[in-house]
Amino acid sequence: MPAYKAPLNDMRFLLDEVFDYPAHYASLSNGGDADPDTVSAILEECGRFCEEVLSPLYRSGDEEGCTYDNGEVRTPKGYKEAYQQFVEGGWQGLSYPEEFGGQGLPMSLGLLKSEMMATANWPFLMYPGLSMGAMNTIMQYGSEEQVALYMPPMTEGRWAGTMCLTEPQCGTDLGQIKTRAEDNGDGTYALHGSKIFISSGEHDLTENIIHIVLARLPDAPQGTRGISLFIVPKILPNDDGSLGERNGVTCPSIEHKMGINASATCVLNFDGAKAWLIGEPHKGLEAMFTFMNTARIGTAVQGLAHAELSFQGALPYAKERRSMRALSGKKDPDKVADTLMAHADVRRMLFNQKAVAEGGRAMIYFAAQYADHMVNGIMEKDDAKYEKYDDKLGFFTPILKGFLTEMGLEAANHGMQVFGGHGYIREHGMEQIVRDARIATLYEGTTGIQALDLLGRKVLLMTRGGCVREFTGQIARFAAEHLRSKHLRGFALTLGRYATQWNVLTVRLMLMARKDRDVVSAASHHFLMYSGFVMMGYFWALQAAVAQQKLDDGTGAQTDDFYRAKLATAEFYFDHMLPRAKSHAASMTKPSSSLMSLDSEHFSF
């Protein structure tokens, strides 16, 4: 079973040498306490907690799973104790304001914490992870009374949170929601309906669970414009914050799933449950997007987390397992066979895992700086600042979620493949990573939904290609800066060509969509994957440039071998992974007729 080791060297390389997080934190109104020594101490302590407490529960939690009994859910052995340590460590409130009992540090530090916890034990992280989305929604859209009542216990971790969207008849198409809210005439509402697939909907880790629920008011217009958002506590709080009577929300069952068995996925029934409106009537979907975007970035972290954990399992095995001889000649002539590391195809899979984990980490850490500024805009009540960085982050979100989860699943499969038949056996733990990674491409919007959001909404409708032009401009500036570098010229030339092609493809699709609306859906998956490959290519080139500089001037904080490994991985990515973008480019500009012309009844068997 892979034993998680926090990749602190790579994290520090990105924070200190690639993205200059010390200067970034110094520019934030809440970044004064995030000095290098404090950040380093947080990373060390979180890494220890993940390695010693969370990682050992990963396999046992999967084997035991959650237990359902008469409406109550029991988490696997060790989870309650681990969660109590999580609360005592103040981890939930790391990036939340001090007025609520948090530590007031930048949002990105919470993301760094989440990455380590996600890699060590993703199912565990889902419990406090869903709470953060609920907290963000309440903090931004709740009334003063709601914020004062709910934020302190949720920041402490005594209360948890969920988001309740999906119903039996609808998932992504939220316009079909049937859950209804009736006005009680006293400022509260009575909710009636059922929700499914609710992660952390019921469990034994906290004394209360705060559900954020989408529902319709009686006078609501049809479709998504008629959805409102409500706060529904599992246990009704008294005015002083103490717990009162049980609310009318119950869990009739939990789902039996392919993976993440230690994470309770629940059906919830609302039978006249007492609820409070959050935000404005009929504008719940707008508020919910705060929650969903938070969750989508968290799911993107899952992509790199599974790639990292699978890599940490596959690499030691490949160094020890002996099988056949290298084609270029014996490497260990005194042994019965050479190790798997002597075979190029095995190295291809290991390099893929390393490239996805470290490239994805760079993508997320860059986007996290936008998130810091966006959150600061909320805290400072600066709408212009919030909207500016919300728009910037909006372009990244579907790429991070869609591309990284697809690549994370691929990397997890590679790790299983390195083990051969042993990878299929439960005791080695590699198949669990694959099972747990599979859900990442599905929840918080499938890859197809992310692709439609990226191409249809963000690129074509909202910015008419402007978001692509802005990011490719950044790539072009990097390419121009390094065209004369003997070490980086190849990266620069390649990226320059892709940046140009990305814009050309965007314009072509915009023109095609005027005559063929279906082309947007037909092209969206390829557009997202193309965007992801090129974006990751830029961040690998950026890492390579820093690594080369540190080797040249000898000022790096890491070893020379670390920087050489960065350059080697960047070369692998440009040689073996980035070219896959070309096939997506070729497919996305084809007409939709080959997909749409066959009558439905002829899809027979």
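Looking across segment 124-162, the residues that are farther than 25 Å from Tyr79 by Cβ and of a type in the set (Gly, Ala, Ser) come down to Gly142, Ser143, Ala148. Inside segment 243-274, residues that are small (Gly, Ala, Ser) and over 11 Å from Gly201 (Cβ atoms) make up a count of 6.
Would you please name the residue that is most open to solvent (accessible area, probe 1.4 Å), looking only at residues in segment 70-83 that are in a helix (DSSP H, G or I) and within 14 Å of Cys50 (Cα to Cα)?
Kept after step one, since they are in a helix (DSSP H, G or I), are these residues of segment 70-83: 79-83.
Add one more test, that the residue is within 14 Å of Cys50 (Cα to Cα), and what stays is 79, 81-83.
Values: Tyr79: 1, Glu81: 112, Ala82: 2, Tyr83: 7 Å².
Selected residue: Glu81.
Could we say that Thr569 is touching a residue at least 60 places away in the same chain (Cβ under 8 Å), open to solvent by less than 10 Å² (accessible area, probe 1.4 Å) and more than 15 Å from Leu495 (Cβ to Cβ) here? I'd like the intermediate steps shown before the answer.
Working: touching a residue at least 60 places away in the same chain (Cβ under 8 Å): yes; open to solvent by less than 10 Å² (accessible area, probe 1.4 Å): yes; more than 15 Å from Leu495 (Cβ to Cβ): yes.
Yes.
Residues that are surrounded by fewer than 21 Cβ atoms within 10 Å (Cβ to Cβ) and within 21 Å of Arg361 (Cα to Cα) do occur in segment 474-484. Filtered by the rule that a residue be part of a loop (DSSP other than H, G, I, E, B), without any contact (Cβ under 8 Å) to a residue 24 or more places away in the chain and either hydrophobic (A, V, I, L, M, F, W, C) or under 18 Å from Ile378 (Cα atoms) (or both), segment 13-31 gives a lone residue, Ser27.
Take Leu495 and tell me if it is out of contact with any Pro (no Cβ under 9 Å at 6 or more places or on another chain), open to solvent by 20 Å² or more (accessible area, probe 1.4 Å), at pLDDT 95 or above and on the phi < 0 side of the Ramachandran plot. Quick ask: steps written out before the conclusion?
Working: out of contact with any Pro (no Cβ under 9 Å at 6 or more places or on another chain): yes; open to solvent by 20 Å² or more (accessible area, probe 1.4 Å): no; at pLDDT 95 or above: yes; on the phi < 0 side of the Ramachandran plot: yes.
Criteria not met by Leu495.
Check whether at least one residue in segment 425-440 is open to solvent by 40 Å² or more (accessible area, probe 1.4 Å) and either of a type in the set (A, V, I, L, M) or outside any helix (DSSP H, G or I) (or both), and report yes or no. Taking every residue of segment 425-440 in turn, at least one turns out to be open to solvent by 40 Å² or more (accessible area, probe 1.4 Å) and either of a type in the set (A, V, I, L, M) or outside any helix (DSSP H, G or I) (or both). When residues in segment 203-230 are screened for being open to solvent by 10 Å² or more (accessible area, probe 1.4 Å) and under 26 Å from the mean Cα position of the chain (by Cα), 4 of them pass.
The listed residues are Ala384, Ala362, Ala371, and the only one of them that is open to solvent by 50 Å² or more (accessible area, probe 1.4 Å) and either closer than 26 Å to Thr463 by Cα or touching a Gly at 6+ places or on another chain (Cβ under 6 Å) (or both) turns out to be Ala384.
Where in segment 242-349 are the strands (runs of 3 or more DSSP E), entirely inside, with at least 1 residues that are open to solvent by less than 30 Å² (accessible area, probe 1.4 Å) and either in contact (Cβ under 8 Å) with a residue 12 or more places away in the chain or on the phi < 0 side of the Ramachandran plot (or both)?
Numbers: elements: 243-246, 249-254, 265-277.
By residue number, 249-254, 265-277.
So is Gln140 over 28 Å from Pro56 (Cβ atoms) and either over 15 Å from the mean Cα position of the chain (by Cα) or open to solvent by less than 10 Å² (accessible area, probe 1.4 Å) (or both) or not? So Gln140 fits the description; yes. Pairs are defined by a Cβ separation below 9 Å, a sequence spacing of at least 6 or placement on different chains, a first member in segment 164-192 that is on the phi < 0 side of the Ramachandran plot and open to solvent by 30 Å² or more (accessible area, probe 1.4 Å), and a second member that is outside any helix (DSSP H, G or I) and among the acidic types (Asp, Glu); the pairs so defined are Gln176/Glu167; Lys178/Glu167; Tyr189/Glu182; Tyr189/Asp183; His192/Glu182; His192/Asp271. For segment 438-455, the criterion of being among the β-branched types (Val, Ile, Thr), in contact (Cβ under 8 Å) with a residue 40 or more places away in the chain and within 18 Å of Thr119 (Cβ to Cβ) is met by at least one residue.
To keep it simple, each residue is scored yes or no on (1) under 25 Å from Glu358 (Cα atoms); (2) at pLDDT 95 or above; (3) out of contact with any helix residue (DSSP H, G or I) (no Cβ under 7 Å at 6 or more places or on another chain).
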| position | (1), (2), (3) |
| --- | --- |
| Pro56 | yes, yes, yes |
| Gly78 | no, yes, no |
| Phe86 | no, yes, no |
| Leu94 | yes, yes, no |
| Gly101 | no, yes, no |
| Pro106 | yes, yes, no |
| Met117 | yes, yes, no |
| Phe124 | yes, yes, no |
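The values are calculated or read from the model by the stated rules, or taken from the named source; none is laboratory data. Since the structure is predicted, the reported quantities are computational estimates derived from the model, not experimental observations. Here the Cβ is made from the backbone with ideal geometry for all residues, glycine too, and neighbour counts use every protein chain on show. Calculation scope for accessible area: heavy atoms of the full protein, side chains included, ligands and nucleic acids excluded. Shrake-Rupley method; radii C 1.70, N 1.55, O 1.52, S 1.80 Å.
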